[in-house]
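Student: Structure incoming, see below.
Throughout, read-outs are computed from the coordinates displayed, never taken from laboratory work. Remember, it's a predicted structure, so these values are computed and weren't measured experimentally. Neighbour counts are summed over all protein chains in view; Cβ atoms, including those assigned to glycine, are modelled from backbone coordinates with ideal geometry.
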Amino acid sequence: MINKHLTLGCINTLKIDRITDPGLFLVSEDEKDVLLPNQYVTKEMHVGDEVDVFLYTDSEDRIVATTEKPVAMLGEYGFFKIVDVTNFGAFVHWGLQKDLFVPKTHQKGPFKAGERKILYVNYDEKTHRLIGSERLTQHLKFHTNTYKINDVVSALVMAKTPMGWKCIVDNRFEGMLFHNEIFEEIKVGQTKQAYVKPIRIDGKLDLSLQPVGGKKSDIGEEKILRMLKENKGMLPYNYKSDAEDIKNVFALSKKVYKSTLTALINADKIEVKDNGIYLKK
C-alpha cells in the first residue's frame, strides 16, 4: 500500500511517477514527490510500479529517496562508527551515502574518529533534519504488559555495569543480562536474541540468553551436537579443557559442559578421547 504522506526517516512505499535525467520521481498518495537518484534505479523499475525506499535529507536539506538501508531508522538505536569530528559536532557512518550528524549538544563525551557509539536516531525540530543522539535512556520506556515470560526479544548491548549488561530491548525498553548467567563473550554494540525472564512489577526487564525454565543440559546437548556437525564431527576439547575456553567456545559453564558430555556419551551420540570430542555415526 502506498504511503499517504512522505515520511522522513522511515521506509516508504511509493509509486514511480515519472522518469527524468537525474532519476525517478516517486509519489505518495497525497501526490507529494521525491527523487530516487539514478544510482539507485534498476532496470526492473517502471512507471506505475511501487518501490520501498528510505527517505532522508541530502546535503542541501532536500528530501531524497534511497534503496539503501541505514544502520538505524528514526526512533531506533544503532551502533555507529565515527568518521569525522568537528567543533560543532561529529559525523557517523549511517550505511547511506550521506553520514549522520551528531550535534555537540547531543554528545555525552568526546567523540573520536574510528570509535563506535550507540546512538538514537532523532528528528531535530529546529533544523528539520535527522540527527544522532547519545541521549539514550530518555527515549526508553517501562514496559506495561508488553511481554510475558520467555518472549523472544532483540537486545542491543548498551553498557556494562557491576550487575551485568544493560540492553536496549526492541528499540523501546531497557533490559538487563546478568553476569552470572552469561557464558559467552559480550560486547557493547552487539545485538543478541534474548528471552524475557519473570516479569518485574517495576516495569524493568530481566533477560536471559537461554529460554527460561529450559534444562541447561538439553541446551548444551543441542549446541555441542550442532557444533560437531559443523566441524566434521570433531572438536578439540574434553573433560580436562580449561573452563575459560569452554565458556568462550560453548557459552557454557564447566559444570554444565561436563554433565552435557556425560549425557551425550550415555545416549551413545559422542565419544570423548584425549584429543577431543567425536560424533558417533
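Student: Where does helix 216-230 land angle-wise versus the long Cα axis of the chain, in degrees 0 to 90, nearest 10?
Tutor: The answer is roughly 80 degrees.
Student: Where in the stretch 17-43 does the amide nitrogen come within less than 14 Å of the point 7 Å from the Cα of residue 58, taken along Cα to Cβ?
Tutor: Label zone hits: 20-26, 34-41.
Student: Going from the alpha-carbon gyration tensor of the stretch 121-164, what semi-axes, largest first and in whole Å, does one get by taking the root of 5 times each eigenvalue?
Tutor: Numbers: eigenvalues 153, 51, 19 Å².
Largest first, the stretch 121-164 gives 28, 16, 10 Å.
Student: Here is a further query. So if I take the centroid of the Cα atoms in the stretch 211-280 and the same for the stretch 104-182, what is the distance between those two points in Å?
Tutor: Taking the Cα centre of each part, the stretch 211-280 and the stretch 104-182 sit 34 Å apart.
Student: Once a ≥ b ≥ c are taken as the square roots of the eigenvalues of the Cα gyration tensor of the stretch 77-137, is the result rounded (a/c under 1.5), prolate (a/b larger than b/c) or oblate (a/b not larger than b/c)?
Tutor: Values: a/c = 1.27, a/b = 1.18, b/c = 1.07.
Here the stretch 77-137 falls in the rounded category.
Student: Debye sum, Cα scatterers, the stretch 216-279, no solvent: what log₁₀ I/I(0) at q = 0.23, 0.27, 0.28 1/Å?
Tutor: At q = 0.23, 0.27, 0.28 Å⁻¹ the computed log10 ratios are -0.93, -1.35, -1.47.
Student: I'd like the Karplus ³J(HN,Hα) series for the stretch 178-187: coefficients 6.51, -1.76, 1.60, θ = phi - 60°, whole numbers in Hz, and an x wherever there's a Gly or Pro.
Tutor: Once rounded to whole Hz, the list reads 8, 3, 6, 10, 10, 10, 8, 6, 10, 9.
Student: Right, another one. For the chain, what is the convex hull volume of its Cα atoms per residue in Å³?
Tutor: Working: hull volume 56.9 nm³, N = 281.
So the per-residue hull volume is 202 Å³.
Student: Sticking with this one: So what's the projected area for the stretch 85-243, the Cα convex hull averaged over all directions, in nm²?
Tutor: Values: hull surface 54.3 nm².
Answer in nm², one decimal: 13.6.
Student: Here's a follow-up. Sequence gap at least 6, Cα distance under 8 Å: using those rules, report the relative contact order of the chain to the nearest whole percent. Please list the in-between numbers first.
Tutor: Working: 564 pairs, mean separation 27.7, N = 281.
Relative contact order of the chain: 10 percent.
Student: So which of 192/247; 223/258; 81/192; 4/43 end up more than 21 Å apart, counting from Cα to Cα? If you can, show how the numbers build up before the last one.
Tutor: Details: 192/247 17 Å; 223/258 13 Å; 81/192 19 Å; 4/43 26 Å.
Violating the 21 Å Cα-Cα cut-off are 4/43.
Student: Work out, step by step, the length gained on full extension between residue 239 and residue 5: first 0.36 nm times the residue separation, then minus their alpha carbon distance; give nm to one decimal. Write down the numbers at each step before the final one.
Tutor: Details: separation 234, 0.36 × 234 = 84.24 nm, distance 6.22 nm.
Difference between extended and current length: 78.0 nm.
Student: Just to verify a number: FRET efficiency for residue 248 and residue 225, C-beta to C-beta distance, R0 = 22 Å, to 0.05?
Tutor: On the way: r = 19 Å, r/R0 = 0.86.
Given R0 = 22 Å and the Cβ-Cβ separation, E is 0.70.
Student: Here is a follow-up. Can you show me the helix-derived [θ] at 222 nm for the chain, built from DSSP H runs with n ≥ 4 at -39,500 (n - 2.57) apiece and divided by the number of residues, rounded to the nearest 500.
Tutor: My calculation for the chain gives -4000 deg cm²/dmol from helical runs alone.
Student: Further question: Once fully extended, how much extra length lies between residue 232 and residue 135, figured as 0.36 nm per residue of separation less the alpha-carbon to alpha-carbon distance? Could you put the intermediate results ahead of the total?
Tutor: Working: separation 97, 0.36 × 97 = 34.92 nm, distance 4.72 nm.
Going from the current span to full extension adds 30.2 nm.
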